[in-house]
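Trainee: Take this structure first; my questions come after.
The values are calculated or read from the model by the stated rules, or taken from the named source; none is laboratory data. These numbers come from a predicted model, not from an experiment. No Cβ is skipped: glycine too gets one built from the backbone with ideal geometry, and neighbour counts run over all protein chains shown.
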Amino acid sequence: MDCKVIYRLLLLVALFFSTQSFAVEFQGKFIQGHYIIGKTEPGALIFVDKKKVKVSKDGYFAFGIEKDRKFDITITENDNKIVKKIKKRKYLSLIHI
């Protein structure tokens, strides 16, 4: 009886450590006109607003945010959707006299 309990416990521990959980990481600010670098699981499928983004063999990807974008951006990793709010950028206006 004790062997079965130990065997099941070892099996659970092995399963826990063998499954890797990756989360998408972003570097950059979600502001109009900015550039975002992301990191995910190698081989993952990444879509930004339904447009496929190339992922490197190390899991890196990149995309830009339009300077006049008005809506949130949706990043899809495999089947997981991530919605990021885009902040409006304040541009300086130059007046020539």
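Trainee: From the list G64, G33, pick out the single residue that is under 30 Å from L92 (Cβ atoms), surrounded by 11 or more Cβ atoms within 10 Å (Cβ to Cβ), of a type outside the set (D, E, K, R) and at pLDDT 95 or above.
Mentor: On inspection, the qualifying residue turns out to be G64.
Trainee: Next up: Please go through region 75-97 and pick out each residue that is part of a strand (DSSP E or B) and closer than 16 Å to Q32 by Cβ.
Mentor: K84, K87
Trainee: Examine region 74-85 for a residue that is basic (K, R) and within 24 Å of E41 (Cβ to Cβ), and state whether such a residue exists.
Mentor: Yes, region 74-85 contains a residue that is basic (K, R) and within 24 Å of E41 (Cβ to Cβ).
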